[in-house]
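Mind having a look at this structure? Questions to follow.
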Amino acid sequence: MNAPVEIHEEGASARRPLLEIRDLAISFKTSGGEVNAVRNAHLTVMPGETVAIVGESGSGKSTTALAAIGLLPSNGRVSGGQILFDGEDISHASEKRMIELRGNSIGMVPQDPMSNLNPVWKIGYQVRETLKANGLPDSADDVAKVLSEAGLPDAARRAKQYPHEFSGGMRQRALIAIGLSCQPRLLIADEPTSALDVTVQRQILDHLDKMTTELGTAVLLITHDLGLAAERADKVVVMYRGQVVEAGPSLELLQNPQHPYTKRLVASAPSLASRRIQAAKELGIESEDLLAPDEDVVVASSMPDEVLQIENLRKVFKLRSGLGRSTDFTAVDDVSFSVKRGTTTAIVGESGSGKSTVAQMVLNLLAPTSGKIIFDGVDTSTLNSKEIFAFRRRVQPIFQDPYGSLDPMYNIFRTIEEPLRTHKIGDKASREKKVRELLDQVALPQSTMQRYPNELSGGQRQRVAIARALALDPEVIICDEAVSALDVLVQAQVLNLLAELQSRLGLTYLFITHDLAVVRQIADHVCVMERGKLVETGSTDDVFDSPQQEYTKALLNAIPGAGLMLPPEVA
Amino acid sequence: MTPDSNTARQDASAPATRHIEHFVADFAETPLQATDKVKEDQAPLSLWAEAWRNLRRQPLFLISAFLILVVVAVSLFPGLFSPIDPTSEACQLANSDGGPSSGHPLGYTQQGCDVYARVIFGTRSSVTVGLFTTIGVLLIGGIMGALAGYYGGWVDAVLARINDIFFALPLILGAIVLMQLPMFRAHRTVWTLVLILITFGWPQIARITRGAVIEVRNADFVTAARSLGVSKFGALTRHVLPNSLAPIIVVATISLGTFIVAESTLSFLGIGLPPSVMSWGNDIQAAQASLRSNPMPLLYPAIALSITVLSFIMLGDALRDALDPKARKR
Amino acid sequence: MSTYILKRFLQLIPVFLGATLLVYFLVFSLPGDPIVALFGDKPVNEAVAAKLRIQYHLDQPFWMQYLLYLKSIFTFDLGQDFSGRPIAAVLGEVFPVTARLAVMALVFEAVFGIIFGLIAGLRKGKFFDATVLVASLIVIGIPIFVLGFLLQFTIGVQLGWAKPTVSSAATVQDLILPAIVLGLGSFAYVLRLTRTSVIENMSADYVRTATAKGLSRFRVVRVHILRNSLIPVITFLGADLGALMGGAIVTEGIFNVPGVGNRLYRAVLSGEGPTVVSIVTVLVLIYCLSNLLVDLLYAWLDPRIRYDS
């Protein structure tokens, strides 16, 4: 994996770059005029080499890659510079020329496996038309061979199925099969695994590595995860606001970032941060020192009582299948754990593990089939409606999707004021004062009050959601994937805010997430869930240092960048 | 690898040309900006304000809104637009099928009535039927659809079946069956027509409302409101309905045009408004007989009807563009 | 698949029963004596009225009446119309005419709607698209009877390209102009639906992926854009068949087509309750069947439906 040095040393000057982007500028026509999305971008991919472009959303990384295969959206155009593919400038090539190149010279593996296969055609058909369009043999055997090479078991039968009969990971394998079916010399992989569960992600990336190495395919990998980029690529190109700010051999870039943006990115990437904690522990440094978001934070652990106890929790859903029949689906199966006041407990699991269902039940939005949720000594299932109303003041949620969790019709003031109004707290003036205080607490300017959610970024919306959750001075906050949809730097910012609020207000967090790297940064205790069951629980250090279960080990191994050697003092 | 062994390979002093191993952009050219800073330069804008700003720039909206204002003004104060009394008593058979003349710009009908005056005074029944049917349909269909979509389960199952049953009878067909009943035949007024059109017009709004409510009801902001202590019904009225309004408004606007067509079609068929009530449908029916000799008395009310209906349909189309829920999610 | 179709079929039964019950209730149980109404302005002949009451089971309780009526539908024993002809025979005469008219209108709107909609969608924002969009709005905005008169007067009377009215045989040639008038509104709708659907699919991820595979533009449009865009269009067309048959009243009136709508209209004007109920019942049945057809088409076009329970 980490063998870029050898490749580079065998006479790089004698070979011509496969892809060379020079001073590329890309602009989009919008209602507000021409907007520059990419400026002065340049990068070089040698034959057989893997180069990663890293950046946050809106950095221009995908736009640059799409330009290289001539697939810019219809309102976008290359407004300057060159894209040299094997010496030929294709930045303004005819559509005819691009059709010749696509497939057999430049292939693509797209981001979202759910939307990139046409739902009305069989998988085999979609592979076959690729082979046919590029003049390759396209019999059923050839199609099955292509699919099985991409790691799809039982390929001949699978080829006769439709995309909706495939899991996300299998679809991504089919897309990799399509992208590599014509043995292109360059493969553009645009966030090829970011929509998948971590363990599946790792398998697929490993397989992609193996295939491209065997075929000698050069890869242009687009990703938001610096750890993943460093692990998979020979060279990393960092883009920020449409420009390349830094580029170089992967490890060197991580260990010696020069540009302030790269430095910040290296410091914040969760996969790297978690790796750094590991490295620090091995050197005997206390991990708390590395986690402290601010210098003056005092960890509040004055009242270590158990605020929340979950006992033998079960939730069975009835799934309707056909006429009048139904099958039972156990989403949560005999889960028990407890949460200490003032600490953070993370529930980790992949999609379908039942972690969000647990959150819903703790919030008293969903009734358990059996088992108990004891909040502050009281079984929440015994509460009457008045007591539930009082309970709601003490337990508050923050949800994943920053675009869905705020009512688009409410301005920020009304959004944050709603809990106060609902619980008839204070008068108009005191409520406004409280809203201003809350905005200060989440580090948003008070002028935000008059704005509407559609005017704010994802991170800002998430901070508004935190302010709303804090309005009633709750004791417990349930964060359901609260930072998963955010860009790396924004994610770090929100995590710091949460940590700071916890120490200041003595909050208890129940943190639902799929991202182990984030868990390492913030949690005191970890519960690992797999298919409804709790498979492992313990303090974060114990679980990370000596995982007991195979599943936990697999999850830990899947954190990108696990194989990287990083010095702890980089931060 | 230790950190020390790496520093040796790094060459920060090399000029930033693109073929070196480690490229670093000029810091001055790529300044770092504060992470996630709130843009404070623009004035706050609600979704409705934003929709309004988009609408104002659309020619389709401006034209249709202007035409609708004119039509509404004519229906409220027809006397301002036509000095001539158009009731049949004022018609002179001597003027039968007369051409345009001074003060009578559109000529006369077969009965010798002034076509212009009849077109102006016929506006009111069309607009009244369209407007009040839409209000009624919005109330009934809106409530049924919102309850079905929001509560789901057996409420939805029962309401959906009732909806299906009414859907099986198209608007005109159902209205024809009802209008021929003795109890309605005897009392053919604008209000009977409104009642009958509501009876067969509500299912469409109910379906649209149901769909819109289902799309919103599982949004995180609704769950967030519920976990704040907002009651289930409170979440419906405060969060779900306001966010479901856009498609309902669009369909209701277009339906208003459809109801005007339905009224004129029924009157044209002779089972809508009685001939004593002035309406474009009645005038078109009356002019049908003399179509070949004098097509103008048919043409003018037909044009007025078409422009009115078209205005509402254009308005709905413009609103759809401005309120489109997909565009709202940026 | 079979579960899906069976489920849809079972769902239609309450719709059919409910809709016929509704119509039956409206015609026979609302205030006002339907038998007296049958005589219109003529004096009521009590002997005939009593005979009619027994014929339509009006001496029975309402539920019994409805059940007997249902039985009469499934045995095609629908009673007699005003002139003494069996209603079943009348229906057998008028339905083929309307079916021919509706199918012709459907072909017209499908062929032209899809072609124009596809071209407009592929050239979104260009001159052709803008023109077609405005034109389709105008077509939707003009009521069908105005359109009918307009085309009858210009094409039929002034230009003489087609016969302004239809002969009693109602041949395909006779029906061309009425079919266009009947299908115009739906044509505009199909056009707009195809256009929206094409535009939506053009920006779909799988279309970009198809292009990235190296497929030709023609193939991308035909296999990926058009095929997927047709799903909502074809389901609309299926449902429209029922709507066209029930909605032909005005068109048939203008062109004097001897079809269902014309017969229904005459029955309404003369107050023939039983004939009205019979015709509307058959139309509801057609509506239900065309809905079932839509479900079948949908399952055929979209594989995701086939396996859904």
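The values are calculated or read from the model by the stated rules, or taken from the named source; none is laboratory data. In this text the structure is predicted, and so the values were computed from the model without any measurement. Neighbour counts run over all protein chains shown; Cβ positions are idealised from the backbone, glycine included.
Looking for something within 8 Å of chain C (Cβ to nearest Cβ) and not in a helix (DSSP H, G or I) - is there at least one such residue anywhere in region B:143-162?
The answer is no, given that none of the residues of region B:143-162 is within 8 Å of chain C (Cβ to nearest Cβ) and not in a helix (DSSP H, G or I).
Same structure, new question: Contact list please: Cβ distance under 6 Å, first residue in region A:122-150 and over 24 Å from residue C:303 (Cα atoms), second residue assigned to a helix (DSSP H, G or I), pairs at least six apart or on different chains.
Here the result reads A:150/A:173; A:150/A:176; A:150/A:177, each pair linking region A:122-150 to a residue that is assigned to a helix (DSSP H, G or I).
List the helices (runs of 4 or more DSSP H) inside region A:152-220, counting only whole elements, that have at least 3 residues being among the aliphatic types (A, V, I, L, M).
Correct list: A:168-180, A:198-215.
Among the helices (runs of 4 or more DSSP H) lying completely within region C:220-309, list those that include at least 2 residues that are within 12 Å of chain B (Cβ to nearest Cβ) and closer than 23 Å to residue C:15 by Cα.
Passing ranges, in order: C:227-246, C:260-269, C:273-301.
Separate question: Exactly one of these conditions fails for residue C:143: (1) at pLDDT 90 or above; (2) buried (at least 23 other Cβ atoms within 10 Å of the Cβ); (3) within 18 Å of the chain's Cα centre (by Cα). Give me its number.
It is condition (1) that residue C:143 fails.
With the condition kept exactly as written, say whether any residue in region A:150-160 is touching a helix residue (DSSP H, G or I) at 6+ places or on another chain (Cβ under 6 Å) and at the interface with chain C (Cβ under 9 Å from one of its Cβ atoms).
There is no residue in region A:150-160 that is touching a helix residue (DSSP H, G or I) at 6+ places or on another chain (Cβ under 6 Å) and at the interface with chain C (Cβ under 9 Å from one of its Cβ atoms).
Let me ask something additional. Do any helices (runs of 4 or more DSSP H) entirely within region C:1-56 hold 2 or more residues that are loosely packed, with under 13 Cβ neighbours inside 10 Å, modelled with pLDDT of 80 or more and more than 10 Å from chain B (Cβ to nearest Cβ), and if so, which?
C:2-29
Can you find, within region A:408-467, the residue that is farthest from the chain's Cα centre (by Cα) among those that are at the interface with chain B (Cβ under 7 Å from one of its Cβ atoms), farther than 22 Å from residue A:490 by Cα and part of a helix (DSSP H, G or I)?
Once the filter is applied, the top-ranked residue is A:422.
Each row is one residue, and each column tells you yes or no for (1) in contact with a Ser or Thr (Cβ under 9 Å, 6 or more places away or on another chain); (2) more than 14 Å from chain B (Cβ to nearest Cβ); (3) farther than 29 Å from residue B:172 by Cβ.
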{"site": "C:76", "(1), (2), (3)": "no, yes, no"}
{"site": "C:88", "(1), (2), (3)": "yes, yes, no"}
{"site": "C:94", "(1), (2), (3)": "no, yes, no"}
{"site": "C:101", "(1), (2), (3)": "yes, yes, no"}
{"site": "C:137", "(1), (2), (3)": "no, no, no"}
{"site": "C:149", "(1), (2), (3)": "no, no, no"}
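Among the helices (runs of 4 or more DSSP H) lying completely within region B:226-330, list those that include at least 1 residues that are aromatic (Phe, Trp, Tyr) and in contact with a Leu (Cβ under 6 Å, 6 or more places away or on another chain).
Result: B:241-268, B:280-288, B:296-323.
Of the numbered conditions (1) surrounded by fewer than 23 Cβ atoms within 10 Å (Cβ to Cβ); (2) in contact with a helix residue (DSSP H, G or I) (Cβ under 8 Å, 6 or more places away or on another chain), residue A:430 fails exactly one; give the number of that condition.
(2)
Separate question: Which of the following residues is closer than 20 Å to residue A:401 by Cβ and aliphatic (A, V, I, L, M): A:435, A:488?
Of A:435, A:488, the one residue that is closer than 20 Å to residue A:401 by Cβ and aliphatic (A, V, I, L, M) is A:488.
Could you give every pair whose Cβ atoms fall below 9 Å, whose first residue belongs to region A:374-393 and is at positive phi, and whose second residue is aliphatic (A, V, I, L, M) and part of a helix (DSSP H, G or I), counting only separations of at least 6 or pairs across chains?
Qualifying pairs under 9 Å: none.
Take residue B:260 and decide whether it is within 8 Å of chain C (Cβ to nearest Cβ), closer than 29 Å to residue B:139 by Cα and modelled with pLDDT of 85 or more.
No; evaluated as a whole, the condition is false for this residue.
Counting only residues that are exposed (fewer than 15 other Cβ atoms within 10 Å of the Cβ) and within 14 Å of chain C (Cβ to nearest Cβ), give me the helices (runs of 4 or more DSSP H) lying completely in region A:4-121 with at least 1 of them.
Filter on region A:4-121 gives A:95-101.
Next up: Can you name the residue in region A:122-148 that is in a loop (DSSP other than H, G, I, E, B) and not polar (S, T, N, Q) and, of all such residues, is farthest from the other protein chains (Cβ to nearest Cβ)?
A:137
Something else: Please work out if residue C:210 is farther than 19 Å from residue C:285 by Cβ and free of Cβ contacts under 8 Å to residues at least 60 places away in the same chain.
yes
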